[in-house]
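Here the structure comes first, spelled out in structure tokens, and everything after it is commentary.
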Amino acid sequence: MPNEVEQPRTAKVERKTAETHVRVELNIDGTGQAQISTGVGFYDHMLTAFARHGRLDLTVQATGDLHIDQHHTMEDIALVIGQAVDEALRGREGITRMGDALVPLDEALVQAVIDISGRPFAAVSLDFVGEMVGDAPTQMVSHVLRSFATTAKITLHVRQLAGSNDHHIAEATMKALGRALDAATRYDPRIAGQVPSTKETLTL
């Protein structure tokens, strides 16, 4: 089976609506390089952490109706990144499929568990203290995770085990998401060319 160096799993996705214009380039088999411009500074920080700790090469260029609020922009970016992950993984042959990560950041501790199942689902349990972290609404963190899981076609569980600082909780969440995705998408040489499912498909 060709390895990830010979055939990197990449995708380019663009979404343009009356509310946002989002362009994403993704390399699953990257080194954690990120070029992020969303118009929401803390979201840039979150996505950079996601890419760095997930060893993804990720470029995001987005404009949106931030004069209204951050919702449409943050949501649509998550949808497009999820779509890029789905497209980059193609038929899912040879992947580990499931991955989990437990990430601390000072007093915060967050766990993310992923199953690249083809079945979109997200269960998210985060307990933020305030309404905003930087220029991003804290309620959007959970919404971003659910949006990502929908278009990536993954099962995602995220739970906060400890934490009282909203910045730390959000950042630990995105680091955990990246690390869990990295683990789940790694090739397993023992099942080269095989889809890790008794159904023999993870795309239907």
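The values are calculated or read from the model by the stated rules, or taken from the named source; none is laboratory data. Note that the structure is predicted; figures quoted are calculated from it, not measured. Counting neighbours? That spans all protein chains shown, and the Cβs are built from the backbone with ideal geometry, glycine included.
Checking each residue in segment 105-156 for being within 28 Å of Gly39 (Cβ to Cβ), β-branched (Val, Ile, Thr) and under 15 Å from the mean Cα position of the chain (by Cα) picks out Val110, Ile114, Val124, Val141, Val144, Thr150, Thr151, Ile154. Scanning segment 136-153 for residues that are free of Cβ contacts under 8 Å to residues at least 60 places away in the same chain and either small (Gly, Ala, Ser) or in contact with a Pro (Cβ under 8 Å, 6 or more places away or on another chain) (or both) yields one hit, Ser142. Scanning segment 7-43 for residues that are assigned to a loop (DSSP other than H, G, I, E, B), among the aliphatic types (A, V, I, L, M) and touching a residue at least 24 places away in the same chain (Cβ under 8 Å) gives Ile28, Val40.
For segment 44-67, filtered to residues that are part of a loop (DSSP other than H, G, I, E, B) and in contact (Cβ under 8 Å) with a residue 40 or more places away in the chain, the residue that is surrounded by the most Cβ atoms within 10 Å (Cβ to Cβ) is Leu56.
Which one of Ala180, Ala176 is at pLDDT 95 or above, under 15 Å from Ile154 (Cβ atoms), touching an Asp or Glu at 6+ places or on another chain (Cβ under 7 Å) and outside any loop (DSSP other than H, G, I, E, B)?
Criteria check complete, one pass: Ala180.
Among the residues that make up segment 150-162, is at least one of them touching a Leu at 6+ places or on another chain (Cβ under 6 Å), under 24 Å from Thr96 (Cβ atoms) and outside any strand (DSSP E or B)? Yes, some residue in segment 150-162 is touching a Leu at 6+ places or on another chain (Cβ under 6 Å), under 24 Å from Thr96 (Cβ atoms) and outside any strand (DSSP E or B).
Of the residues making up segment 87-108, none is in contact with a Ser or Thr (Cβ under 8 Å, 6 or more places away or on another chain), without any contact (Cβ under 8 Å) to a residue 60 or more places away in the chain and either crowded, with 17+ Cβ neighbours inside 10 Å or closer than 24 Å to Glu200 by Cα (or both). Restricting segment 110-131 to residues that are farther than 21 Å from Thr198 by Cα and of a type in the set (A, V, I, L, M), the residue that is surrounded by the fewest Cβ atoms within 10 Å (Cβ to Cβ) is Val129.
From the list Glu4, Glu25, which residue is at pLDDT below 95 and either of a type in the set (A, V, I, L, M) or surrounded by 14 or more Cβ atoms within 10 Å (Cβ to Cβ) (or both)? Give the derivation first.
On the way: Glu25 fails: at pLDDT below 95.
The conditions single out Glu4.
Give me the residue from segment 183-204 that is among the hydroxyl-bearing types (Ser, Thr, Tyr) and touching an Asp or Glu at 6+ places or on another chain (Cβ under 9 Å) and, out of that set, surrounded by the most Cβ atoms within 10 Å (Cβ to Cβ). So the residue we want is Thr185.
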